[in-house]
Amino acid sequence: MGGFFGVTSRHNAVFDVFFGTDYHSHLGTRRGGMAAWSQEEGLQREIHNIENSPFRTKFENDILDLKGVSCIGCISDTDPQPLLIRSHLGVYAISMVGIIRNQEALADRFLDATYGHFEAMGGGRVNQCELVAALINQQRTFEDGIRFAQEKIEGTVSLLILTDRGEIIAARDRMGRLPIIIGKNEDGYCVSFESFAFEKLGYSYVRDMGPAEIVRITADGCETIGKAGERMKICTFLWTYYGYPNSRYEGATVETSRGRNGRLMAKYDRAHNGIPDVDYVCGVPDSGTAHAIGYANESDIDFARPFIKYTPTWPRSFMPTRQEIRNQVAKMKLIPVHELIDGKKLLFVDDSIVRGTQLAGTVDFLRNNGAKELHMRSACPPIMYGCKYLNFSRSTSEMELIARRTMKALEGEEGFDHADEYVDGTTSRGKALRQHICKTLKFDSLEYQTLDGTLSAIGIDKCKLCTYCWNGEE
């Protein structure tokens, strides 16, 4: 994934961008970057690897050297950024969040048409930011160039551009799958992926940008230079999983949405299967916690934390980049509270069940520490399709998804034609999927939130939410 933060101000913007970008650290683990502009120094830029050390510690010395009343910062899970670009549009810094699925085809088309070049990274790959800049630079203005890039790109790209005049140009992706939120204070304006990032810095909320909207921001105001589109498909997993609890997107706060989701799951259980007789309801930390609190409150069962993640040295569950090391780190982080596990019947709520790899390790950990029963609830439906638009649930093969593997195990490839039945826990196929995964992952029971429950918990127009991972609908 990734996130970004930008400020244009009448005073120094660097410190605000440093803290605001650091508040996006939960969205990425590979690279961090900042670019600043001042009348005296022009554009300056710093990029660091943050795989083994967080953004804050890598940039705490740089902020003493960077100078600027305009500044952008980013957390990236993909390529180094922001990049400094020189073109007929001037010198500018560019940062992006998202994924370009047709990047190789676009790069080849550009090279064939222009006989130009890209700086190659490992394996000959092209930095996605540089590719977007190459597309933008084929048009006469930033607005036309961004529109041109949005039309050519398959995937999702939201942009921050810092110009050599100190303006910030922000562009939300074409379908609004990711948020960009505008804030202001008495000295200027900011743009952010996460709303709480600027609220903590004393900025007040102005508005969410619309899908495909392009704005130009200065210390004096915010001007729309590219009209928003009418259709939105914002990623539902923002509320289910990777949005930070304090954040608010399109008016819906993450933490309260997750609490409602948990309550709806308990109501569903009560109506269809009965709520299991357990000692405690627990969340798989951290994103499952609020869902579990909602379930506990609705079911009148005590909430408990039978294990705690040890996070001082490994604060993010998706560090480092190699899967086998991530699995080992996930195992080492779990510290049991023995009196809440040994001999106890536990119901856990997780944000989702994607591959089941880490969850299987968690179950073994709990069984080895004496758990008597383990019941699992997923805060969203079975994931049937790898995401085409963002990095979430993206796999080298959709057969990595545990729901897909289960359908094939039960019925061969013919099972894929009945995905809608497998999602539905009231059908024979849906019950078979749940029983098979229970056996595979050693649960005593398993249920998923319904798609309607997932969307209802968020509380915004369901037509504005992307559900591709569950039903394959564009």
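Listing for the model above:
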item	result
Single residue of Asp420, Asp364 found to be more than 27 Å from the chain's Cα centre (by Cα), at negative phi, at pLDDT below 95 and in a helix (DSSP H, G or I)	Asp364
Any hit, segment 426-433, residues being in the same structural domain as Asn273 (by TED's automatic domain parsing), buried (at least 16 other Cβ atoms within 10 Å of the Cβ) and hydrophobic (A, V, I, L, M, F, W, C)	yes
Residue check, Thr29 at pLDDT 95 or above and surrounded by 18 or more Cβ atoms within 10 Å (Cβ to Cβ)	no
Residue tally, condition surrounded by fewer than 18 Cβ atoms within 10 Å (Cβ to Cβ) and in contact with an Asp or Glu (Cβ under 9 Å, 6 or more places away or on another chain), over segment 358-372	3
Of all residues in segment 210-228 being among the hydrophobic types (A, V, I, L, M, F, W, C) and part of a strand (DSSP E or B), the one that is nearest to Tyr468 (Cα to Cα)	Ile214
Filter pass, Thr57 being farther than 20 Å from Leu159 by Cα, surrounded by fewer than 22 Cβ atoms within 10 Å (Cβ to Cβ) and hydroxyl-bearing (Ser, Thr, Tyr)	yes
Residues within segment 238-259 that are crowded, with 22+ Cβ neighbours inside 10 Å and among the polar types (S, T, N, Q), tallied	3
Residue in segment 453-472 that is over 27 Å from Leu346 (Cα atoms), part of a strand (DSSP E or B) and not polar (S, T, N, Q) present	yes
Members of segment 272-292 that are surrounded by fewer than 18 Cβ atoms within 10 Å (Cβ to Cβ) and part of a helix (DSSP H, G or I)	His272
Arg316 in a helix (DSSP H, G or I), surrounded by 15 or more Cβ atoms within 10 Å (Cβ to Cβ) and modelled with pLDDT under 70	no
Test for Ile146: is it within 24 Å of Leu27 (Cβ to Cβ), touching a Phe, Trp or Tyr at 6+ places or on another chain (Cβ under 7 Å) and assigned by TED's automatic domain parsing to the domain that holds Leu131	no
Selected residue (only one of Ile225, Ile214 is touching a residue at least 12 places away in the same chain (Cβ under 8 Å), surrounded by fewer than 18 Cβ atoms within 10 Å (Cβ to Cβ) and assigned by TED's automatic domain parsing to the domain that holds Gly28)	Ile225
Test result for Gly430, at positive phi and part of a helix (DSSP H, G or I)	no
Filter result for Thr57 (of a type outside the set (A, V, I, L, M) and assigned to a strand (DSSP E or B))	no
Strands (runs of 3 or more DSSP E) wholly inside segment 70-147 containing at least 1 residues that are of a type in the set (D, E, K, R) and surrounded by fewer than 20 Cβ atoms within 10 Å (Cβ to Cβ)	83-87
Residue among Arg231, Arg207 that alone is among the basic types (Lys, Arg) and not in a strand (DSSP E or B)	Arg231
All positions within segment 410-425 that are surrounded by 13 or more Cβ atoms within 10 Å (Cβ to Cβ) and small (Gly, Ala, Ser)	Gly415, Ala419, Gly425
Boolean, Phe348 is under 30 Å from Cys466 (Cβ atoms), touching a residue at least 12 places away in the same chain (Cβ under 8 Å) and either assigned to a helix (DSSP H, G or I) or not aliphatic (A, V, I, L, M) (or both)	yes
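Each row is one residue, and each column tells you yes or no for (1) within 15 Å of Tyr203 (Cβ to Cβ); (2) without any contact (Cβ under 8 Å) to a residue 40 or more places away in the chain; (3) in contact with a Cys (Cβ under 8 Å, 6 or more places away or on another chain).
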| position | (1), (2), (3) |
| --- | --- |
| Gly3 | no, no, yes |
| Ser9 | yes, no, no |
| Asp16 | yes, no, yes |
| Tyr23 | yes, no, no |
| Arg56 | no, yes, no |
| Asn61 | no, yes, no |
| Asp65 | no, yes, no |
| Val69 | no, no, no |
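The values are calculated or read from the model by the stated rules, or taken from the named source; none is laboratory data. It should be emphasised that the depicted structure is a prediction, and the values quoted were computed from it without experimental measurement. Positions of Cβ are generated from backbone atoms using ideal geometry, with glycine treated the same way; all protein chains shown enter the neighbour counts.
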